[in-house]
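Here is the structure we will look at, set down as C-alpha cells.
Taken together, the values in this text are just the output of simple stated rules run on the coordinates, not laboratory data. Note that the coordinates shown come from a computational prediction; the quantities given were computed from them, not determined experimentally. Please note: Cβ atoms are built from the backbone with ideal geometry, for glycine as well, and neighbour counts cover all protein chains shown.
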C-alpha cells in the first residue's frame, strides 16, 4: 500500500495527499489527458463560472484548490467536493502547483500570477481553461449579447432529461439542473451520436473577446448588439469579434454547426463564407428553422423544411424566451435528443435565478398586495423585453422598476437606449451606478441622475434614491394594491427585492 509522503501545502490546509491517491489519479489521467494529474490553483474561485470549472477539472482528475473573497458559503460548498478554498489571498503561491487559473476580474499584476510566471508555471484565464475543457468533448458554445445563461441552462436541462449525460457550466444558478455546473459522460451514451465524444455545454461571453478561447463543435449566436463598449470601439468591432468566434468552428465535414438568429444577429456579416454548416432560426418564415408562438398560451412551434419538429408550451414568459427555448431545442435535436422527452423537458423548465424570478408576494398595511420579481437585466434590450413580458404576463396595476445601472461606461455609451427602454414601467427608481472595471475618470462622466433626467424628459416617473435601505422604505410607502415590483441589474441591487419581501408577511394565495 502506498503511504502518504508528498502533499501540496496551502495556507488553508493540504490540497490533497497525492501519493496516497496515485492509482486513482493515474486512472483519471488515462481517462482524461487534459486535466488528469494536474495540480491547479484558482485565483478568484468564488465566481459561478470558476467554481463550476474547478468542479469539472476535479472530476476529470485534477487536484484543485484556490482563493477568493466570497466568504464561507463558497468555501463550504467546494470543500464538499474536496476543493480547499482560502478566504483572501495567501502571501505566497503554494508549492507543488503546475497550473494557475484566474478569473477575468483578477488584475494581471496579482502576486500569484506574477509568482507563477517567475516559476514557469502555466497560467490560464477562465476562458482559456474552459476552452481546454472542450478538448476531447463535443463542445457546445452558447453566444449572444442576451439570453446566454437561460439558453445554456435550457439546453443542459433538456440533454439531461433525454439521457445524454452532458457536462456544462452555466453562469447562473438554476434549480432545474442542480446548480450551475456538472461533469457528464466522456462519451455520448445514446442517440444518433452514441459513442461520440461527450457533450460539454458552456456560455461563450464576448467580453474582452474571451469566447475566442472556446473550442466548440457546435455554437449558437442568439443575437448581437452594442455592449461591452469599454473593450470594443464600435458595433462593427463587436460583429467582427463574433465572426472570429464563429470561425473557430470546424468545417461541416468535421461536424461543425452554427445556429444563428435570422434577425438581430448580423448573420450576413458574421456567418458568410464559413466552412461550418450554418442554419438560421427565428420568427421569419425564411429562416431554416421558423419559430411560431401563441402569446396567449405560450405554445411554441418549430418547423424545418416545412415539417413540424418541435411543439411545446414554455413556462417562461416573453418572445425572447420562446426563441431561447427554440434554440436549445434545435441544438438538442442536433445532438441526438429524441423529440418526445425533449418537448417534455422544454415544457417543464422553470427558469434561472434572477431571470424574471418571482421572489414572492407581500401584503402591506391596508391590504395592499404587491408581487415582487428579481431580474439580472442590465442592457437596454434586456430591460425593454423583460418589462414588456412582465406587463403582458401579469397585467399589474402599476409596474415599478428598481434599476441599478451596471458600469459607468455602459450607462454613458447607451444612455439614449436606456432612456427609451422603460416605456412599460410606471415608476423607475435608480440607485447609484454600480462601479466595476471602469476608470475613475469614466466614473465622473455620467451619473444615475443623468439617466433619471433622460427618463423624466420622456415622461417616465423616475427618481434617484440611495442607499438601498431608502429604496426599500420608499417601496413601503408608495406601493399600491395590485402593483408589481421588479428589481433589475447585475450588481448588488438584488438585495432590495429580498429585503422588501422579508419586511412583511408573505401573501396567501
_Stokes-Einstein D in µm²/s, Kirkwood radius over Cα pairs - region 357-502 at 4 °C with 1.567 mPa s viscosity_ = 86
*Can you tell me how much longer the chain between residue 495 and residue 458 gets when fully stretched, taken as 0.36 nm per residue apart minus their C-alpha distance, in nm with one decimal?*
10.5 nm
*Over the chain, what relative contact order in percent results from Cα pairs under 8 Å that are six or more residues apart?*
10
*asked:* For a test of the definition: using alpha carbon positions, the gyration tensor, and the 1.5 limit on a/c, classify region 329-386 as rounded, prolate or oblate.
replied: oblate
*Extension gain residue 416-residue 297, at 0.36 nm per residue separation less the Cα-Cα distance, in nm?*
39.4 nm
*Where does each of 387, 124, 130 land when they are ranked from fewest to most other beta-carbon atoms within 10 angstrom?*
124, 387, 130
*How big is the gap, in Å, between the Cα center of region 151-214 and the Cα center of region 288-366?*
18
*When the Cα centres of region 38-57 and region 217-286 are compared, how far apart do they sit, in Å?*
29
*Using the count of nearby Cβ atoms within 10 Å as a rough guide to exposure, how do 32, 165, 374 rank from fewest to most?*
165, 32, 374
*Over its Cα atoms, what ratio of radius of gyration to 2.2 N^0.38 Å does region 246-392 give?*
1.23
*For region 207-284, divide the Cα radius of gyration by the Kirkwood radius and give the resulting Rg/Rh value with two decimals.*
0.96
*Based on the Cβ-Cβ distance of residue 423 and residue 192, what FRET efficiency does E = 1/(1 + (r/R0)^6) give at R0 = 56 Å, to the nearest 0.05?*
0.75
*Okay, which of region 243-277 sit inside 17 Å, backbone N to the point 7 Å along the Cα-Cβ direction of residue 237?*
243-245
*asked:* With the cut-off at 1.5 for a/c, could you classify region 275-324 from its C-alpha gyration tensor as rounded, prolate or oblate?
replied: prolate
*region 134-348: antiparallel DSSP beta bridges as a percent of all, rounded to 5*: 35
_Computed FRET value (nearest 0.05) for residue 87 with residue 348, which takes r as the C-beta separation and R₀ as 45 Å_ = 0.75
*Provide the percentage of antiparallel DSSP beta bridges, counting only those with both residues in region 361-509; round to the nearest 5.*
20
*Out of every Cα-Cα pair in region 417-509, what percent are more than 16 Å apart?*
60
*Taking 0.36 nm per intervening residue step and subtracting the Cα-Cα distance, what contour gain separates residue 69 from residue 135 on full extension?*
20.7 nm
*Provide the FRET efficiency to the nearest 0.05 for the residue 114-residue 442 pair, computing r from the beta carbons and using R0 = 35 Å.*
0.85
_Quick check: the angle from helix 448-457's long axis to the longest principal axis of the chain, C-alpha only, nearest 10 degrees?_
40
*Per the Kirkwood formula on distinct C-alpha pairs, the Rh of the chain is how many angstrom?*
24.2
*Bridge type composition, the chain - antiparallel percent by DSSP, nearest 5*: 30
*Output the relative contact order of region 357-502, whole-number percent, from Cα pairs under 8 angstrom with separation of 6+ residues.*
36
*Pairs of Cα atoms under 8 Å, at least six residues apart: use those to get the relative contact order of region 134-348, whole percent.*
21
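Could you work out the helix-only [θ] at 222 nm for the chain, with each DSSP H run of four or more residues adding -39,500 (n - 2.57) and the total divided by the number of residues, to the nearest 500 deg cm²/dmol?
Estimated from H runs of four or more residues: -9500 deg cm²/dmol.
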*Sort 427, 85 so the one with the fewest other Cβ atoms within 10 Å of its own Cβ comes first.*
427, 85
